[in-house]
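Single-structure report; data block below.
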Amino acid sequence: MSDVSPAKPASCPTEGTPKNWEAKSEEIPTGPHGPVPPVVQFKNVSKEFRRGNDKFLALDGVDFVVENLPDCGEFVCLLGPSGCGKSTLLRLIAGLEPHFPPSAGEVLVGGKTVLGPGADRAMVFQDYTSYPNRTVLKNVEFGLEIQGKPRAERRDIAMSWIAKVGLQGHEKKYPHELSGGMKQRVAIARTLAVRPSIVLMDEPFGALDPETRYSMQELLIQLWKEMQSTVFFVTHSITEAAYLGDRVYLMHGPPGRLVEEIKLPRPEESPLEVESRADFREVVALLKSKIHSPKGN
Ligand code: ADP
Ligand code: MG
């Protein structure tokens, strides 16, 4: 493992974190009710797709552990070139077909084998998946309706999330009346309003212009700090992973392999400001060299 991190915030202890993604976690953190299982664990997970008579190995023997830190979720970035299996890995956590189930190995969430989708996990996609016939408010209320929250309560929760993502005054608009950045704010509000313990994001800012992308990255970090959930964020942008990730899982492929886990410090600055910092540029250069080296070294 490469550790370029000087320190983590006091609220996010890193003790017990494996030094290498290959290492198995021997020490299980202990909570008030006994040992706390990892948030997500992959045990030698492979995924093979069939194309006619051909077999195609999309993921090959992926092993990792994301521990459960008390009152503090981690921000995990999956970084790698197109086709290296990032979405496959993410959708295996989500329990979504056709990537789920794995062809071999085991995916565990909260210590239990994943059997399919669940309310503890929520996904944000690149292509602004709002319901076109629902207003912003109704979109954000959707998951709360499914949870059976009473009307007044779900309205309050939805309105507070709409404010948090900066969409006050747009509650009655429909998705087609919004810009790409605004649509993705709706998707984020809708996803976070149901308070999932794991948020899965598949290149959510990939279609946005650079300035909107910066502001969305900053917003996401601000919201994540309040939420205490674990985020898995797929990107092929090195600077995005370097800015967002507490840890970056570097992937190569196909066949998709996890080649290295890299711990990173959390910048205090905005994404634009941090790019002028020499140590940030060094991290970006390091990641770039690892992405282009055959073994990630
Ligand atoms: P990434 O998200 O890193 O771009 P994916 O996880 O989407 O990569 O895909 C990894 C590999 O698996 C790619 O070569 C892709 O073509 C293949 N693949 C993904 N989904 C399917 C599928 N449903 N059927 C066949 N092959 C697939
Ligand atoms: Mg993908």
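The values are calculated or read from the model by the stated rules, or taken from the named source; none is laboratory data. Being a predicted model, the structure only gives us computed values, none of them experimental. Every residue, glycine among them, receives a Cβ derived from its backbone with ideal geometry; neighbour counts consider all protein chains shown.
Computed quantities for the displayed model
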| item | result |
| --- | --- |
| Complete set of residues in region 216-235 that are touching a Ser or Thr at 6+ places or on another chain (Cβ under 6 Å) and of a type outside the set (S, T, N, Q) | GLU218 |
| When residues of region 43-67 are limited to those that are free of Cβ contacts under 8 Å to residues at least 40 places away in the same chain and more than 7 Å from ligand 1 (Cβ to nearest atom), the one farthest from THR235 (Cα to Cα) | ASN53 |
| Extreme residue, surrounded by the fewest Cβ atoms within 10 Å (Cβ to Cβ), among residues of region 195-208 that are hydrophobic (A, V, I, L, M, F, W, C) and at pLDDT 95 or above | ILE198 |
| Candidates LEU59, LEU92, filtered to the one that is in contact with a Phe, Trp or Tyr (Cβ under 6 Å, 6 or more places away or on another chain), surrounded by 20 or more Cβ atoms within 10 Å (Cβ to Cβ), modelled with pLDDT of 95 or more and not in a loop (DSSP other than H, G, I, E, B) | LEU92 |
| Which listed residue, of LYS55, LYS47, LYS43, is charged (D, E, K, R) and more than 24 Å from MET201 (Cβ to Cβ) | LYS55 |
| Residue match in region 238-247 (condition: within 16 Å of ligand 1 (Cβ to nearest atom), over 16 Å from the mean Cα position of the chain (by Cα) and either assigned by TED's automatic domain parsing to the domain that holds GLY80 or more than 30 Å from PHE56 (Cβ to Cβ) (or both)) | no |
| Those residues of region 109-119 which are surrounded by 15 or more Cβ atoms within 10 Å (Cβ to Cβ) and out of contact with any helix residue (DSSP H, G or I) (no Cβ under 8 Å at 6 or more places or on another chain), in sequence order | GLY110, GLY118 |
| Pair list, Cβ under 6 Å, 6 or more apart: region 206-235 residue touching a residue at least 12 places away in the same chain (Cβ under 8 Å) and away from ligand 2 (no atom under 16 Å from the Cβ), other residue β-branched (Val, Ile, Thr) and not in a strand (DSSP E or B) | THR230/VAL39 |
| Unique residue being under 15 Å from the mean Cα position of the chain (by Cα) and not β-branched (Val, Ile, Thr) when the list is LEU89, LEU69, LEU59 | LEU89 |
| Every pair of residues 6+ apart whose Cβ atoms lie under 7 Å, when the first sits in region 131-157 and is touching a residue at least 40 places away in the same chain (Cβ under 8 Å) while the second is among the acidic types (Asp, Glu) | VAL136/GLU171 |
| Single residue of region 95-121 satisfying the filter (outside any loop (DSSP other than H, G, I, E, B) and small (Gly, Ala, Ser)) that is farthest from PHE56 (Cα to Cα) | GLY105 |
| Failed criterion for ASP127 (all others in (1) in a loop (DSSP other than H, G, I, E, B); (2) more than 16 Å from ligand 2 (Cβ to nearest atom); (3) surrounded by fewer than 18 Cβ atoms within 10 Å (Cβ to Cβ) hold) | (2) |
| Residue check for ASN44: loosely packed, with under 13 Cβ neighbours inside 10 Å and modelled with pLDDT of 95 or more | yes |
| In region 175-186, the residues that are surrounded by fewer than 24 Cβ atoms within 10 Å (Cβ to Cβ) and not in a loop (DSSP other than H, G, I, E, B) | PRO175, HIS176, GLU177, GLY180, GLY181, MET182, LYS183 |
| Residue match in region 270-289 (condition: within 20 Å of LEU69 (Cβ to Cβ), assigned to a loop (DSSP other than H, G, I, E, B) and within 20 Å of the chain's Cα centre (by Cα)) | no |
| Selection count where residues are surrounded by fewer than 20 Cβ atoms within 10 Å (Cβ to Cβ) and not in a helix (DSSP H, G or I), scope region 209-247 | 4 |
| Any hit, region 166-174, residues being hydroxyl-bearing (Ser, Thr, Tyr) and either surrounded by 19 or more Cβ atoms within 10 Å (Cβ to Cβ) or within 21 Å of SER229 (Cβ to Cβ) (or both) | no |
